Amino acid sequence: MSDQEVFVRTFRILVLPALVVASSALVFGQGAVPTPAAKAVIESKAPAKQWRTPWGDPDLQGEWTNATTTALERPAKYNGREFLTKEEKVAKDEVTAVERDTRAQPGTAADVAGAYNSAWFEYGWSDGRTSLIYDPQDGKKPPLTADGLRRSKLRNESIRTDGPYLGPEDLDLYTHCIVRAGLPRLPTAYDNNFAIVQSPGSVAIVQEQIHETRIIPLAGSNNAKPHLNPSVRQWLGDSRGHFEGETLVVETTNFNEHTSFEGATKNMHLIERWTRRTDNTIDYRFTVDDPETWTRPWSAAIVWYKGGSLFEYACHEDNVGAYGILAGARADEKKMAEKRMGEKKAAGK
């Protein structure tokens, strides 16, 4: 029996019963990610319990993770279905557990690309739904507008991965350690952690990657102010918040042209909502509206779980990735020049 077969059998015997019977939290990476009942994810009624700060605002404070393997858009095989069956959810979590520690053929490109195992990754688990998107009901982003379709075929300068890399200015924003991605933040393979800190009149949200902090003034306080002039554009936009009952509602505008959420323009209008459901979970939802990109607004929901402490994301512009990418580009150019020289010699030129 191979090592992988032994792992799978052990997982089925020891771990799956805990997932099914006790919904135990399995720890991978920096945060503990439990698997609650799927319907709790999209429950919209007010929570039975109220959490309050000393000054009376709904209390969302703590360190949280949004890690999940639930896809943003609904895969075709789940068309017409909002939830997985219990058996499908268990099977999906089993595959996740196995694949996190499955290594490709040593020495291959896939092996290098998958160099991290479950000690580093924090994918989370399925939340029992077939997609994070719940509106439209088909679980997919709305159709692109004509201009949105045109732009989708253009090169994305913020995440360019295909060169040419003539100098440091050609590297993408991620390699420069300027910003990981625009808002709203979707779960990735790791560093899905956030810290929420509140004070009278403000909410601060620290994003683990790349250590940005959003300072959100609240309406009705001394910090309240109108949105910035449309001519002022920022990496994470300009956010303003208020409470609707137990829910923190944040409206963000004034994005810049250097980042893009799923292909949106800088004029995207973002509404985010945080509602605490239990001591250990927050129901997070967002709605994006960009008539220049999609034919209608769309919304998604992600469970935020209580997690461990945020770690320093030690990313800085003078990193080894920059040197490696530029050195690789110079090596490719040298190889191409040598090939052309050889072809000329062979042709007798």
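The values are calculated or read from the model by the stated rules, or taken from the named source; none is laboratory data. Note that the structure is predicted; figures quoted are calculated from it, not measured. Cβ: placed from backbone, ideal geometry, glycine included. Neighbour counts: every protein chain shown.
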- request: Go through segment 223-244 and count every residue that is small (Gly, Ala, Ser) and not in a strand (DSSP E or B).
  value: 3
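Select, from Leu228, Leu218, the only residue that is of a type in the set (A, V, I, L, M), touching a strand residue (DSSP E or B) at 6+ places or on another chain (Cβ under 9 Å), surrounded by 14 or more Cβ atoms within 10 Å (Cβ to Cβ) and under 27 Å from Thr145 (Cβ atoms). Show your work before the answer.
Working: Leu218 fails: under 27 Å from Thr145 (Cβ atoms).
Of the residues listed, the single one that is of a type in the set (A, V, I, L, M), touching a strand residue (DSSP E or B) at 6+ places or on another chain (Cβ under 9 Å), surrounded by 14 or more Cβ atoms within 10 Å (Cβ to Cβ) and under 27 Å from Thr145 (Cβ atoms) is Leu228.
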message: Here is a check on your reading of the model: is Val197 surrounded by 16 or more Cβ atoms within 10 Å (Cβ to Cβ) and either within 19 Å of Leu248 (Cβ to Cβ) or in contact with a Leu (Cβ under 8 Å, 6 or more places away or on another chain) (or both)?
response: no
Check on Thr188, within 26 Å of Ile325 (Cβ to Cβ), among the hydroxyl-bearing types (Ser, Thr, Tyr) and either in a strand (DSSP E or B) or modelled with pLDDT of 85 or more (or both): yes
task: Check segment 244-251 and report whether any residue there is out of contact with any Lys or Arg (no Cβ under 9 Å at 6 or more places or on another chain) and buried (at least 16 other Cβ atoms within 10 Å of the Cβ).
output: no
Search result, residues across segment 289-310 that are surrounded by fewer than 13 Cβ atoms within 10 Å (Cβ to Cβ) and not polar (S, T, N, Q): Arg296
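Which of the strands (runs of 3 or more DSSP E) contained wholly in segment 1-94 include at least 3 residues that are at pLDDT below 50 and of a type outside the set (Ser, Thr, Tyr)? Walk me through it before giving the result.
Details: elements: 26-28, 31-33, 62-65.
Those strands (runs of 3 or more DSSP E) span 26-28, 31-33.
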Residue satisfying all of: in segment 163-176; within 22 Å of the chain's Cα centre (by Cα) and either of a type in the set (A, V, I, L, M, F, W, C) or surrounded by fewer than 12 Cβ atoms within 10 Å (Cβ to Cβ) (or both); modelled with the highest pLDDT among these: Leu171
field: Sole residue being at positive phi and modelled with pLDDT of 95 or more, chosen from Gly263, Gly237
entry: Gly237
query: So is Glu122 surrounded by 17 or more Cβ atoms within 10 Å (Cβ to Cβ) and part of a loop (DSSP other than H, G, I, E, B) or not?
result: yes
- prompt: If we scan segment 327-337, do we find a residue that is among the charged types (D, E, K, R), touching a residue at least 24 places away in the same chain (Cβ under 8 Å), exposed (fewer than 11 other Cβ atoms within 10 Å of the Cβ) and more than 21 Å from Lys140 (Cα to Cα)?
  reply: no
statement: Restricting attention to segment 233-263, the residues that are under 25 Å from Thr175 (Cα atoms) and without any contact (Cβ under 8 Å) to a residue 60 or more places away in the chain number exactly 9
